[in-house]
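For reference, the structure discussed in these notes is given below.
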Amino acid sequence: MITFISQHFFIQIIIFHLSVFIIPGPNMLIVARNSMLGGYKIGILSVLGITIGIGFHIVYSSLFIIFFSENFLQNFIWIKSFASIYLVFL
């Protein structure tokens, strides 16, 4: 049975993704390039496409976490442990 994600947890995921989204990187370069070559409207469309892509990423990340936390609790604990170790490594 699938339960819905808690609002608090979902807000944390959104804040994490938005904090990564506002950091300049490849997305900014793509928008700047498209804006310079295609103009204002193409730049806006680039931003819209990137924003929709991040929205999809938030949704499927949340669904993945819900699925593994409910059905494979022991595996989810291992995934969290490896992810924590990897973040410390970075």
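The values are calculated or read from the model by the stated rules, or taken from the named source; none is laboratory data. Nothing here was measured: the structure is a model prediction, and the numbers come from that model. Here Cβ is always computed from backbone atoms with ideal geometry, including for glycine, and neighbour counts include all displayed protein chains.
Taking the criterion of being of a type in the set (A, V, I, L, M) and surrounded by fewer than 10 Cβ atoms within 10 Å (Cβ to Cβ), the residues of region 23-37 that qualify are ILE23, LEU37. Among the residues of region 42-60, is any in contact (Cβ under 8 Å) with a residue 24 or more places away in the chain and either charged (D, E, K, R) or farther than 30 Å from PHE9 by Cβ (or both)? Taking every residue of region 42-60 in turn, none turns out to be in contact (Cβ under 8 Å) with a residue 24 or more places away in the chain and either charged (D, E, K, R) or farther than 30 Å from PHE9 by Cβ (or both). The sole residue among SER6, SER46, SER19, SER81 that is touching a helix residue (DSSP H, G or I) at 6+ places or on another chain (Cβ under 7 Å) and hydroxyl-bearing (Ser, Thr, Tyr) is SER46. Name the residue that is modelled with the highest pLDDT, counting only residues in region 1-37 that are small (Gly, Ala, Ser) and in a loop (DSSP other than H, G, I, E, B). Step by step, filter region 1-37, then rank; the result is GLY25. Residues of region 38-75 that are small (Gly, Ala, Ser), modelled with pLDDT under 90 and surrounded by 14 or more Cβ atoms within 10 Å (Cβ to Cβ): SER62, SER69.
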